[in-house]
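Notes for the one structure printed next.
What follows is calculated from the coordinates using simple rules that are stated; it is not laboratory data. All values derive from a computational prediction rather than experimental measurement. Positions of Cβ are backbone-derived with ideal geometry, glycine not excepted, and every protein chain shown enters the neighbour counts.
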């Protein structure tokens, strides 16, 4: 069967089509729509244009899968979309305001044009539903916890793909670093998440391209007391901080690496990013009680050898070592033979993971909607 995978970012739409057989997915098309909100009014417009292109090309899918960033505390697996699920997602939108509204608009745009196509929602939070009650819990009163204030974790489809690609037994106790414009890490044992850096929203944890990462909550209280309203805080936390805030010029690691020798603020941005990442590797390793595998994935993790090298430097006490030549080439394994910790690079594929789930739910008899 043919499946269309849609992956909405805050201002982008990634898509791919796959012909899915019982044990394999053959990619037939892939692309990205950028500058949504500028050159293109909104995600619904982008989706309609994509569907028109597919109709003209004759690549009509049998099912459509969506990466959905937040599934709340209830969803531990992908589900078929129905009206009740969309209502539930509307209620979750304040938890992920940069992503969920765009994803909901994309789902509704597909339903408007292709009302009889089955749609499947694949939740980034689902992979982390294996976190223990302790790992999910914030130190807040029960009434606040019951209202949904807990650690959810994100990038779950990427982590799930890595586990499926490498194998849970091969990974052992693994720290997987998904490093892109959004960045997080997960501590994975027996193929399951036991800890992760992002929490209530995709804004926490590591320093990211434009997102702040973890800070003393007192800092946000201080800013609120000195003129920052909710909108200004949201813009600071999600759009004006991170690598962009530190460098003052760019959120793109490629730009910062190119200028790092001549621009002190570019160098500072990279150093803070690496410092944050190295600390979180240590924290995830502590949650696992040791580390057998460190995996780099995501755009930065896959394509920035100097960043990988800088993160690994100082982690020798965990058995993390890099072979300089393997790292420069970007080999599948970049640690020396016989290293206590195997360091891998895995090219993640969230769209393929979405297609895999969408095909399975579309073919299984008796599958109920959300």
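A few remarks follow.
- Length added when fully stretched, residue 339-residue 28, from 0.36 nm per residue minus Cα-Cα: 108.1 nm
- Prolate/oblate/rounded label for the stretch 213-290 (Cα gyration tensor, a/c 1.5): oblate
- Here each label is just a point 7 Å from Cα along the line to Cβ, and for residue 112 and residue 137 those points are 4.6 nm apart.
- With Cα atoms as the point set, the stretch 244-361 shows a radius of gyration and Dmax of 16.1, 53 Å.
- Translational diffusion coefficient (Stokes-Einstein; Kirkwood radius from C-alpha pairs) of the stretch 38-165 at 37 °C, 0.692 mPa s, in µm²/s: 204 µm²/s
- Using alpha carbons only, the radius of gyration of the stretch 1-100 set against its Kirkwood radius gives Rg/Rh = 0.98.
- Compactness relative to 2.2 N^0.38 Å, alpha carbon Rg of the chain: 0.98
- Helix 350-363 axis, angle to the chain major axis (alpha carbon atoms, nearest 10°): 30 degrees
- Packing-based exposure ordering (other Cβ within 10 Å, fewest first) of 105, 254: 254, 105
- Direction-averaged projected area, Cα convex hull, the stretch 168-345: 10.6 nm², rounded to one decimal.
- With neighbour counts taken as other beta-carbon atoms within 10 Å, the residues 125, 45 rank, fewest first, as 45, 125.
- For the stretch 262-306, alpha-carbon Rg and Dmax in angstrom: 12.9, 41
- Proxy reagent accessibility, fewest Cβ within 10 Å first, across 280, 114: 114, 280
- Whole-angstrom gap from the stretch 1-57 to the stretch 98-130, using each part's C-alpha centre: 13 Å
- Given their separation in residues at 0.36 nm each and the Cα-Cα distance between them, residue 84 and residue 364 gain 98.7 nm when the chain is fully extended.
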